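Right, one structure below, let's go through it.
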Amino acid sequence: MPAPPRWSLLHGAAAGRDFEGYLRRRASQGDPFAVGFPGFPPVLFTGTAEGARELFRLPVELLEPPRPNPIEPMVGAASLILSSGPRHRADRALLAPALHGARVRELGEIIRAATLREVDIGCGAAGSWQPGGRIDALAAARAITLRVILTAAFGTDGDRSDEYAGAVTDFLGAFTTPLLVAPVLRRDIGGFGPWARFVVARERLDELILADVARRRRARPGASDRTGSGVSGDLLDLLLDTRYDDGSALTDAELCEQLRTLLVAGHETTATTLTWALYHLHRERGLLDRVVAELPSASGDPVEQARLPLLDAVCQETLRLHPPVPIVLRSIRQPCRWRGIDIEAGQTIGLAVGVLHSRPSTWPAPRLFHPDRFLDRKVSPFEFAPFGGGHRRCIGATLAEFELRVVLATLLTAVRLRLEPALALGARPRTVPRNLATAPNRAIHFTRMQ
């Protein structure tokens, strides 16, 4: 079995500086390859389609999320991301109907309205949307996607959206990269330090969520279809209504962790992908013109916009080059054989998504942003896995993909942007770990032209 690297502190620092580049360098030594960071068990990674196929097809009862988990302080042990076994299957069955198919398409006009509202605000944390104003793309994308997930979760984009925006922003900002990669730092030092700041931010967000849960409980029973937003019910209604097979319901604490996960994971990853898509389009003027020329054929219908071939290819290529969650991890509960190696119980194995997405045998010129490659061929779920795969594939993938396309189409129709010259002409920003996702290592700014 490949041995994890020595000097794990140095390897952790290298990964924090350029996560995808670090994994590609490790993968160049063979597949599977081992990675080890301080405070976490060693992980045996694959970056091949064959390895992904084996990973995603392992029996359900054989797998569980690894512990300790880097994101557990953010999402909580009860969240869908970290549950396992029968509880995971039950929670997934509970949430899945609200995040797939026709239900997601109902959000089309809400997504468009959230995008236009961000543009119409004029000034805010993202900068100025007035002509000539400078805009922070990631801050703007976060504002848009947070409004969307708030509507999906609570059925309204009303007075509390600003409170949530502030609380979520503080929460994400408080969970710094050192807290993510070094569990030893997760200690309260007399109420001071980064961990104490994070706990305070988490408590503030949980207070907002629990207040909404209590308010909705008081308004029950028989209060379905209460959103007032054109969406048939919301996720909070769904969670309150659902019972497990034994008749039990989610406790308030469990509700809070599921909703916190949806609010944070449900907007941060999409916001990061939207930022990268805008960046690449505005470095490729000819490609941007082709996408803009395609948009009128959808007649402004969000559902039709999401089906536009070139727009779809741009979004797929962005997810290929910049998977927002770059690793898929599984802990093995019983001994098994994987990638020709005997794996012991307790071993963590995983997929390095960025490595999978950059194999020249599958993706010629893999570092090139070339959306047309998705117009020319179909790819398998073992070659292209931005949302993971198997029975734990991201439950919000359908919403994320639909939202990305509608927001991008709305922005490209409503405004003309110019990428900051240093970004338009310079080297591509590096990808670094940040909270639940990865993100550009520096801000991506645009100027609004009209």
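In percent, rounded to a whole number, the relative contact order of the range 316-450 is 23, using alpha-carbon pairs under 8 Å and six or more apart.
Under 5 Å from the amide H of ILE343 lie the amide H atoms of CYS336, ARG337, TRP338, each residue being 5 or more positions distant or on a separate chain, with H modelled from the backbone and absent for Pro and chain starts. Seen from VAL75, the other residues with C-beta closer than 9 Å to its C-beta sum to a net charge of -1, counting Lys and Arg as +1 and Asp and Glu as -1.
If Rh is defined by the Kirkwood formula over all Cα pairs and Rg also comes from Cα, what ratio Rg/Rh do you get for the chain? Each step should come with its number before you reach the end.
Values: Rg = 21.5 Å, Rh = 22.8 Å.
Reported Rg/Rh (Cα atoms, Kirkwood Rh): 0.95.
Mind telling me which of ALA139, ALA98, ALA214 comes out most flexible in a GNM of the chain, alpha-carbon contacts under 10 Å? It is ALA214. Once amide H atoms are built 1.01 Å from N in the peptide plane, which residues 5 or more positions from LEU417, or in another chain, come under 5 Å H to H? Under 5 Å from the amide H of LEU417 lie the amide H atoms of MET449, each far enough along the sequence or on another chain.
Amide H contacts for GLU64 (H built 1.01 Å from N in the peptide plane; partners 5 or more residues away or on another chain; cut-off under 5 Å): SER331, ARG333. The residue list VAL148, HIS445, ALA293 was ranked by how far each Cα lies along the charge dipole of the chain toward its positive end, using unit charges on Cβ atoms, and HIS445 comes out on top. Taking the convex hull of the alpha carbon positions in the range 376-417 and averaging its projected area over all directions gives 4.4 nm².
Per atom type, the chain shows carbon and sulfur on 55% of its accessible surface, probed at 1.4 Å.
A crude spin-label estimate for the pair SER128 and SER297, with each label 7 Å from Cα along the Cβ direction, gives 3.8 nm.
Restriction of the trypsin sites (Lys or Arg not before Pro) in the range 357-404 to DSSP coil positions whose beta-carbon has at most 12 other beta-carbons within 10 angstrom yields ARG367, ARG377, LYS378.
In the elastic network of the chain, a GNM with C-alpha springs shorter than 10 Å, the most mobile of GLY36, GLY426, GLY101 is GLY426. Per residue, the accessible area of the range 355-394 comes to 50 Å², computed with a 1.4 Å probe over protein heavy atoms only. Model label sites at ASP170 and ALA422, defined 7 Å from Cα along the beta-carbon direction, differ in position by 3.1 nm.
Between ASN441 and ALA214, the modelled labels are 4.6 nm apart [label points 7 Å from Cα along Cα→Cβ].
Per residue, what accessible area does the range 188-326 have, given a 1.4 Å probe and all protein chains present, in Å²? Please list the in-between numbers first.
On the way: 5800 Å² over 139 residues.
Roughly 42 Å² per residue, with all protein chains present.
Within 10 Å, at most 16 other Cβ atoms, and a DSSP state outside H, G, I, E, B define an exposed site. Report the longest part of the chain free of exposed chymotrypsin sites (Phe, Trp or Tyr not before Pro). Present the calculation step by step, with values, prior to reporting the outcome.
Working: sites that count: TRP7, TYR244.
Counting only loop sites that pass the neighbour cut-off, the longest clear stretch is 8-243.
Around the Cα centre of the chain, unit charges on the Cβ atoms of Lys, Arg, Asp and Glu (plus for the first two, minus for the last two) sum to a dipole of about 1120 debye. Summing +1 for each Lys or Arg and -1 for each Asp or Glu, what net charge is found among the other residues whose Cβ lies under 14 Å from the Cβ of LEU23? Around LEU23, the surrounding residues sum to +3.
The values are calculated or read from the model by the stated rules, or taken from the named source; none is laboratory data. Just so we're clear, the structure is a prediction, and the values are computed from it rather than from any experiment. Cβ sites come from the backbone with ideal geometry, for glycine too, and all protein chains shown count toward neighbours. The area values use the complete protein model at the heavy-atom level, side chains included, leaving out ligands, DNA and RNA. Shrake-Rupley method; radii C 1.70, N 1.55, O 1.52, S 1.80 Å.
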